[in-house]
Every structure is written in structure tokens, then in C-alpha cells.
1. Answer with yes or no whether residue 97 is surrounded by fewer than 20 Cβ atoms within 10 Å (Cβ to Cβ) and either over 16 Å from residue 137 (Cα atoms) or more than 15 Å from the chain's Cα centre (by Cα) (or both).
2. Checking the condition assigned to a loop (DSSP other than H, G, I, E, B) and in contact with a helix residue (DSSP H, G or I) (Cβ under 9 Å, 6 or more places away or on another chain), which residue from 115, 127, 120 passes?
3. I'd like to verify a number: residues in region 1-47 that are part of a strand (DSSP E or B) and at pLDDT 75 or above, how many?
4. From 54, 65, which residue is surrounded by 21 or more Cβ atoms within 10 Å (Cβ to Cβ), modelled with pLDDT under 95 and either in contact with a helix residue (DSSP H, G or I) (Cβ under 6 Å, 6 or more places away or on another chain) or over 16 Å from residue 34 (Cα atoms) (or both)?
5. Quick check on my filter: what residues within region 127-158 are surrounded by fewer than 18 Cβ atoms within 10 Å (Cβ to Cβ), closer than 21 Å to residue 89 by Cβ and touching a strand residue (DSSP E or B) at 6+ places or on another chain (Cβ under 8 Å)?
6. With respect to residue 156, is the statement that it is within 16 Å of the chain's Cα centre (by Cα) and free of Cβ contacts under 8 Å to residues at least 60 places away in the same chain true?
7. Can you confirm whether region 71-86 contains a residue that is part of a loop (DSSP other than H, G, I, E, B), out of contact with any helix residue (DSSP H, G or I) (no Cβ under 6 Å at 6 or more places or on another chain), at pLDDT 90 or above and surrounded by fewer than 21 Cβ atoms within 10 Å (Cβ to Cβ)?
8. Answer yes or no: is there a residue in region 146-158 that is under 23 Å from residue 99 (Cα atoms), in a loop (DSSP other than H, G, I, E, B) and out of contact with any helix residue (DSSP H, G or I) (no Cβ under 7 Å at 6 or more places or on another chain).
């Protein structure tokens, strides 16, 4: 295994949340906002305790914000912008709308990180695609992302499939995205029963 680069967190909060109708970062699941929960999760588990927020240029800046320079490219633009900010850093990327990710899963992702690969990613046991929004992207991904940008190829799943990555198979439940108000209400109702 190659020498490990510094690993920082990158929380993706720059989306428009159109399907949800409100900013997903400020939805509450466990008496805290998803932003607070995700920050705590990554800060407590990352070796350097450095967590960045990928934001769009219309959002208020938070401490350690990285503005997405490519707002129309979704998560691809956010990750590319992070590497442009610091190309020598590896990023543990996590979308803000994954409320069921556990400390155990984050620890597993960090422990199983393979720096000789393009990325270390989780994948649902019953799916045939890696999950780019809960993954560790190594610095060697940066030149490939730049080349994909020039080629106008922005699909992260395809980029991961076309490169050498390490997969961690997990239960789909823990990596599900909550994107709509209907799904959010359903989750809240189920949590209140516990």
C-alpha cells in the first residue's frame, strides 16, 4: 500500500434540494440537523479532524467551506473543486442526505482505505454500481477528473467503474438518500416509533 495522503472530510451541501423543497442540511432526524450530525460523525472519526463543506456560491459560507466552481455539474463539480482547492489531499466524500450512515460504516471505510486505488467506495450488496457519495477519493483521481471535465463526462458512477477502485459491500438501507419531503416524513414517522 502506498503512503497515505492526508484524509479530510468533504460534506456535500451545495445541492438545490428541489425535490425536498427545503435545504436538506437543516432537516432534523435525531434532535440535531443533518449538518450537525454529519459534521460530528466525520470530525470524530477522521484522523486529522478536518472537515470541509462543499457549498454553492449562493449559500452562506461556513468555516472550512469550499465553493463549488461548477454548480451545474452536481457532485462531480464539488469533488473537482475540492481537488482544485487542495490537490494533495484525499477526501472522504459524504452527501448530506444520508441519515443512516453509522460511525461503524465510516470507520470501516477509513480502515479499508486502499491508497493504491483511485478510490475506496461503498456499494450496496444488491446493486451493481459503486456509491460515489460515500467514498474516499485519492489525489490520483484529480487528473482523471480534470480529463473527464474536458471530455464533458460528469457521471461519477461511470468514472468509478472505469478506474481501479476498492469496493466495500454494505446493506443498502444505511446508504440510502432521503431526497423528497414524502420520504423525509416517512423516515421521521418510523424514527418516532422507536
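The values are calculated or read from the model by the stated rules, or taken from the named source; none is laboratory data. Just so you know, these numbers come straight off a predicted model, no measurement behind them. Note: ideal-geometry Cβ built from the backbone for every residue, glycine included; neighbour counts use all protein chains shown.
1. Details: surrounded by fewer than 20 Cβ atoms within 10 Å (Cβ to Cβ): no; either over 16 Å from residue 137 (Cα atoms) or more than 15 Å from the chain's Cα centre (by Cα) (or both): yes.
No: the conditions fail for residue 97.
2. On the way: 115 fails: in contact with a helix residue (DSSP H, G or I) (Cβ under 9 Å, 6 or more places away or on another chain); 120 fails: assigned to a loop (DSSP other than H, G, I, E, B).
127 is the lone residue from the list that is assigned to a loop (DSSP other than H, G, I, E, B) and in contact with a helix residue (DSSP H, G or I) (Cβ under 9 Å, 6 or more places away or on another chain).
3. Going through region 1-47, the residues part of a strand (DSSP E or B) turn out to be 7-12, 28, 33.
Filter once more, keeping what is at pLDDT 75 or above: 7-12, 33.
Residues flagged as part of a strand (DSSP E or B) and at pLDDT 75 or above within region 1-47 amount to 7.
4. Numbers: 65 fails: surrounded by 21 or more Cβ atoms within 10 Å (Cβ to Cβ).
Answer to the check: 54.
5. Just the residues of region 127-158 that are surrounded by fewer than 18 Cβ atoms within 10 Å (Cβ to Cβ), to begin with: 127-129, 139-140, 143-144, 146-147, 149-153, 155, 157-158.
Of the ones still in play, those that are also closer than 21 Å to residue 89 by Cβ are 139-140, 143-144, 146-147, 149.
Within region 127-158, 139 is the sole residue that qualifies.
6. Working: within 16 Å of the chain's Cα centre (by Cα): yes; free of Cβ contacts under 8 Å to residues at least 60 places away in the same chain: no.
Against the criterion (within 16 Å of the chain's Cα centre (by Cα) and free of Cβ contacts under 8 Å to residues at least 60 places away in the same chain), residue 156 does not qualify.
7. So in region 71-86, the residues part of a loop (DSSP other than H, G, I, E, B) come out as 74, 86.
This time we only want the ones that are out of contact with any helix residue (DSSP H, G or I) (no Cβ under 6 Å at 6 or more places or on another chain), so: 74, 86.
Going one step further and asking which of them are at pLDDT 90 or above, we end up with 86.
Filter once more, so that each one left must be surrounded by fewer than 21 Cβ atoms within 10 Å (Cβ to Cβ): 86.
Yes, region 71-86 has at least one match.
8. Applying the first criterion (under 23 Å from residue 99 (Cα atoms)) to region 146-158 yields 156-157.
After this cut, where a residue has to be in a loop (DSSP other than H, G, I, E, B) as well, the list is none.
Within region 146-158, none of the residues are under 23 Å from residue 99 (Cα atoms), in a loop (DSSP other than H, G, I, E, B) and out of contact with any helix residue (DSSP H, G or I) (no Cβ under 7 Å at 6 or more places or on another chain).
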